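Read the figures in this text as sums done on the coordinates, not as results from a lab. Since we're looking at a predicted model, the values are computed, not measured. With ideal geometry, Cβ positions are generated from the backbone for all residues, glycine too; neighbour counts draw on all protein chains shown.
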Amino acid sequence: MYIPKTGKHPYAQPIVPMINFRLTRHLWLFMAVAEEQNFGRAAKRLGMSQPPLSEQIQTLEAALKVKLFDRSRRGAHLTAAGAAILPAVRKFVEQMQQLELAVREAAAGQTGVLTIGAINSAMVDLLPPVLERLRARHPDVTVAVREIDSVEAVPMLRSGDIDLAFARLGGPGHEGIATVSLVEERLGVALPKVHSLAGKPRVRLASLADEDFVMFYRQVSPDYFDGLTAACKAAGFSPRILHEVRSVASQVAFVGCGQGIALVPAAFRKLAPDNVVVRPLQENITVVTMAMAWNEARPNVLVDQLRAELMAGRQPAARRTARGRQGAAALTPP
């Protein structure tokens, strides 16, 4: 419905723009300077000279009526105002890139974009063959993959930032978010090869009471962190956490550097470096190492296609997993 600019229409409301959208490019330049913390390096990365970059940042500061950077010979550092808007600018730039991709694909006759959020291990092992099959059967679909932490999966599905998540999800259900456990594994312990327990085929959890632990940050996956510490307490001790990291690969790397031991999925023995061994625990504690999740309130044909592609060859494995976990404690790592 057309509303005259005179404001005489009974439903007319004065529109006061909060930001000049012709400054979209300036936000992109702002993000580059914020990440490089230096105008010279940012200009080189952007393929432009430094004076025009500085001028356009000044134009953005004038439009927003705030100072975004403290400039000095050592570089350019975000002010409090600059730091406050950076997360929103990053999200805005990502959405503009997705919009540009959608426009290009529409012009090329392609029919859709599927945005997947995945933890690092999913991108290394699970996703590549599935996406290869999906592209072979649906060449008109473009898949955009974003790296996420497990704790980010549900909020990003709710907001629509991603269509499908591959993460370590467990614990209580999330309303409106459907999940399917894809891989479950037995919990093990990563030890330096020279450790006194490294020669044992299985390790009792209680025997680790005096060790220094390398653990995930709790905020990456609270359910998993709390489950592991509860398992340790049930074995008679509280883990002494020396380092906190963001991935299983980092846990194993820290163990290899002699920084402690780590509770990890036993299957990681295949990826452990030569100076690290991974031994299963005597206790039968299983961990959900990968789950697929989607937002039921956002029907998406592309999500349905990828889910069908993934699950087509996994039913026997799923049945074996279901039988294998009977009577076992279940945790979900980040």
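Determine the dipole magnitude for the range 21-103: charges of +1 sit on the beta-carbon of Lys and Arg, -1 on that of Asp and Glu, nothing else is charged, the reference point is the Cα centre, and the result goes in debye to the nearest 20.
Numbers: 12 positive and 7 negative charges, 42 e Å.
So the magnitude is around 200 debye.
For the charge dipole of the range 186-288, defined by +1 on Lys and Arg C-beta atoms and -1 on Asp and Glu C-beta atoms about the Cα centroid, which residue among P192, L271, F216 has the Cα displaced farthest towards the positive pole?
My answer, from the dipole projection, is L271.
Once a ≥ b ≥ c are taken as the square roots of the eigenvalues of the Cα gyration tensor of the range 207-250, is the result rounded (a/c under 1.5), prolate (a/b larger than b/c) or oblate (a/b not larger than b/c)?
On the way: a/c = 2.52, a/b = 1.38, b/c = 1.83.
Here the range 207-250 falls in the oblate category.
Under a Cβ-Cβ cut-off of 11 Å, what is the net charge of the residues other than G117 that fall near it, where Lys and Arg count +1 and Asp and Glu count -1?
For residues surrounding G117, the net value is -4.
What dipole magnitude, in Debye to the nearest 20, does the range 186-288 give about its Cα centre under +1 on Lys/Arg Cβ and -1 on Asp/Glu Cβ?
Values: 12 positive and 8 negative charges, 66 e Å.
Charge dipole of the range 186-288: 320 debye, to the nearest 20.
Shape call for the range 186-288 from the C-alpha gyration tensor, a ≥ b ≥ c root eigenvalues: rounded (a/c under 1.5), prolate (a/b greater than b/c) or oblate?
Working: a/c = 1.37, a/b = 1.15, b/c = 1.20.
Rounded, since a/c falls under 1.5.
At a Förster distance of 25 Å, what's the computed FRET efficiency of R204 paired with M123, Cβ-Cβ distance as r, to 0.05?
Working: r = 34 Å, r/R0 = 1.37.
Rounded to the nearest 0.05, the efficiency is 0.15.
Once you order the gyration tensor axes a ≥ b ≥ c over the Cα atoms, which shape class does the range 21-103 get: rounded for a/c under 1.5, otherwise prolate or oblate by comparing a/b with b/c?
Working: a/c = 1.72, a/b = 1.37, b/c = 1.25.
Verdict is prolate for the range 21-103.
Along the charge dipole of the range 167-313, which of P299, M311, P239 sits closest to the positive end, that is, farthest toward it, with unit charges on the beta carbon of Lys, Arg, Asp and Glu (+1, +1, -1, -1)?
Comparing the listed Cα positions along the dipole, P239 ranks first.
Given R₀ = 41 Å, FRET efficiency for D226-W28 by Cβ-Cβ distance, to 0.05?
Details: r = 40 Å, r/R0 = 0.98.
Result of the calculation: an efficiency of 0.55.
Under a straight-distance cross-link criterion of Cα-Cα below 20 Å, which aspartates and glutamates are reachable from K193, leaving out those fewer than 8 residues away in the same chain?
In chain and number order, the partners are D210, E211, D212, D274.
Order the peptides 40-46, 78-84 from the highest to the lowest mean number of other Cβ atoms within 10 Å of their residues.
On the way: 40-46: 16.9, 78-84: 14.4.
Packing order, densest peptide first, comes out as 40-46, 78-84.
Would you give the gap between the C-alpha center of the range 51-89 and the C-alpha center of the range 121-158, rounded to a whole Å?
If you average the Cα positions of each part, the centres end up 34 Å apart.
Take peptides 243-249, 90-96 and line them up by average Cβ neighbours within 10 Å, highest first, as a rough protection proxy. Numbers along the way, then the final one.
Values: 243-249: 17.7, 90-96: 13.7.
Sorting 243-249, 90-96 by mean packing, highest first, produces 243-249, 90-96.
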